[in-house]
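Step one of this worksheet: look at the structure below.
The values are calculated or read from the model by the stated rules, or taken from the named source; none is laboratory data. Just so you know, these numbers come straight off a predicted model, no measurement behind them. Methodologically, a virtual Cβ is constructed for each residue, glycine included, from the backbone with ideal geometry; neighbour enumeration extends over all protein chains shown. Note: accessible area is taken over every heavy atom of the protein model, side chains too, but ligands, DNA and RNA are not part of it. Shrake-Rupley method; radii C 1.70, N 1.55, O 1.52, S 1.80 Å.
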Amino acid sequence: KIEIPRGCIVHHEVELGVVIGKKGRDIKAADAFDHVAGYALALDMTARNLQDEAKANGLPWSAAKGFDTFTPIGEFIPATSIPDPQKVRLWVKVAGQVKQDGTTDAMVFQIPQLIEHISGIMTLEEGDLILTGTPKGVGPIAVGDRVVAGLEYKSEELSRIEFEAIA
């Protein structure tokens, strides 16, 4: 279950999670996949009204993503199950309606560039999870909504997570 905090407008963002399998710092994009153990389906939940308020005031908005239950993660998927992570389909349904449905080839930043950038700021440790971005269609969920998200590779569903939004 995902808790909707009182007074919050909560939005869903389905994402591919990259699971780091080898510690590294200042990793070059060409070497990035040497550090990937696998992947996971993730739902990045955001208290959008809190994020907007923080942004408007020039404040950090990380708290808008940090509530308990806000980032459900699916099962670990070994990298060998997804040889080309830029061809993953991600989708989410809210209350039975498809809200997001897209593929990772449309990502603004490709996985090697993300790993290079992040590892230039901080050491990536084994088990770290990087969320990679979301397809169009981000939108709200409300108390009582049933949310179902999926990750597919070559038309095969590799992961699915389901939950109900509660107060």
**Message:** Going through GLN110, GLN97 one at a time, which residue ends up being at pLDDT 95 or above and under 30 Å from PRO5 (Cα atoms)?
**Reply:** GLN97
**Asked** Out of the residues in the range 129-167 that are touching a strand residue (DSSP E or B) at 6+ places or on another chain (Cβ under 7 Å) and of a type in the set (Lys, Arg), which is surrounded by the fewest Cβ atoms within 10 Å (Cβ to Cβ)?
**Response** LYS136
**Item:** Residue identified as part of a helix (DSSP H, G or I), in contact (Cβ under 8 Å) with a residue 24 or more places away in the chain and more than 16 Å from the chain's Cα centre (by Cα) among ALA32, ALA54
**Value:** ALA32
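For (1) out of contact with any Gly (no Cβ under 9 Å at 6 or more places or on another chain); (2) under 17 Å from HIS35 (Cβ atoms); (3) of a type in the set (Ser, Thr, Tyr); (4) assigned to a loop (DSSP other than H, G, I, E, B), each residue gets a yes or a no:
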| residue | (1), (2), (3), (4) |
| --- | --- |
| PHE67 | yes, no, no, yes |
| TRP91 | no, no, no, no |
| LYS99 | no, no, no, no |
| PHE109 | no, yes, no, yes |
| PRO112 | yes, yes, no, no |
| GLY127 | no, yes, no, yes |
| ILE130 | no, yes, no, no |
**Asked** Within the range 31-49, is there a residue that is closer than 27 Å to SER155 by Cα, touching a Ser or Thr at 6+ places or on another chain (Cβ under 8 Å) and open to solvent by 80 Å² or more (accessible area, probe 1.4 Å)?
**Response** no
**Message:** Every residue in the range 63-107 that is crowded, with 17+ Cβ neighbours inside 10 Å and polar (S, T, N, Q), please.
**Reply:** THR71, GLN100, THR104
